[in-house]
Amino acid sequence: MKRIVFMALALAALYAPASHACEFCTLHNGLGQYNNQGDLVSVTYRMTTASTTVDGGSAVQPSTGEKLVINTTQLYYQHSFSDALKVQAVLPNIQKTASTNGTTDDSSSGLGDAILMARYTFWGDATQFAAAIVGAKLPTGAKKDATGTTVFSPDLALGTGSTDPLVGIVYNHNIGNWNYSADALYKIAGKGYDGYQFGNVLNLGLNGYYGFHEYFNAGLGLAGEIMAADKDNDGTVTGTSGTVDNTGGTVFFASPALQFTMKNFYAELAYQLPVYRNFTGTQLVVDNKLIFSVRYAF
């Protein structure tokens, strides 16, 4: 099996659990745990489905019938300046559809917020290392107005309208056919469209992979996200300035994965399912995510 190493963007592969935070579910690392010190490009398709309304951590019964589906096709590129310094660019195309009891209420599609990041390895070698991450999410995604208004719609927007700094750290260790990694990434949200400000987000990840065949690896991870409440700074979106009700919370996802590798070509099929969630107030939350990625290194 090829040597496995975790790329610094791994945590950014996590996805926001609540519809109000889905501006950050547009990034997937494109099989980042594989070491390649040169350039690489990947394409990822992700389907995220939110159809469960929770109050705190418990599902609301009977179901409200609300559903939000987000299909994202993401282009990811890495350039290597040296063995220690890498830069990555991510450009997502997003399609969102909101419905109630099977009837479409509203939808949006187009370019989402681009992300630029850099990773610097400050300790270790190819088998065990730690790296720092810095970057920013850029306001390239379009504003989406709520149906029949000119007011920003947080759930269906393709972008936030804000430039959000990103900082993080990742640790990776390879032992034979096993790979283990732990990572953290923090997003500092800025003021965006119509004065709306999504909450800051801390992502946490713990992952393991085992090479059971020359061409196949099996993986299992735990992905967590801790979100602060949103703010409506001007009161334009919600009608009241200040902290937005029913936003913020904590969620953890179990994430099994199957990977195929052959020379410089990689493919991965992954699934994410929530195993713990505790939200503030009543929110529509993600039920599952299906992710398919292909990557080529050159």
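The values are calculated or read from the model by the stated rules, or taken from the named source; none is laboratory data. Treat the numbers as computed from the prediction; the structure is a model and nothing was measured. Positions of Cβ are backbone-derived with ideal geometry, glycine not excepted, and every protein chain shown enters the neighbour counts. Note: accessible area is taken over every heavy atom of the protein model, side chains too, but ligands, DNA and RNA are not part of it. Shrake-Rupley method; radii C 1.70, N 1.55, O 1.52, S 1.80 Å.
The apolar share of the surface of region 165-298, taken as the fraction of accessible area on carbon and sulfur atoms (1.4 Å probe, ligands and nucleic acids excluded), comes to 63 percent. Geometric descriptor of region 145-237, per residue, is 121 Å³ (volume of the convex hull of the Cα atoms). Recomputing Cα Rg over 2.2 N^0.38 Å from the coordinates shown identifies the correct label among [x] 0.98; [y] 1.22; [z] 1.05 as [x].
Taking Lys and Arg as +1 and Asp and Glu as -1, the other residues whose beta-carbon sits under 14 Å from that of THR44 total +2. What does the net charge come to around SER293 if you take all other residues with beta carbon closer than 14 Å to its beta carbon, with K and R at +1 and D and E at -1? Cβ neighbours under 14 Å give a net charge of +2. Got a number for carbon plus sulfur as a percent of region 77-143's accessible area, 1.4 Å probe? Taking all protein chains in place, region 77-143 shows 59 percent carbon and sulfur surface. Summing Lys and Arg as +1 and Asp and Glu as -1 over all other residues whose Cβ lies under 10 Å from the Cβ of GLY168 gives a net charge of +1. Check cross-link reach from LYS96 to the lysines: straight Cα distance under 20 Å, and skip same-chain residues fewer than eight apart. The qualifying lysines are LYS67, LYS137, LYS143, LYS144, LYS289. Could you pull out every one of the lysines with an alpha carbon less than 18 Å from that of LYS263, ignoring same-chain neighbours closer than 8 positions? Reachable lysines: LYS2. Across the chain, Cα pairs under 8 Å and at least six residues apart give a relative contact order of 20 percent.
Per residue, region 226-298 exposes 47 Å² of solvent-accessible protein surface, assessed with a 1.4 angstrom probe and all protein chains in place. Would you please calculate the Kirkwood hydrodynamic radius of region 74-148 over all C-alpha pairs and express it in Å, rounded to one decimal? Mean inverse Cα-Cα distance, inverted, gives 15.2 Å.
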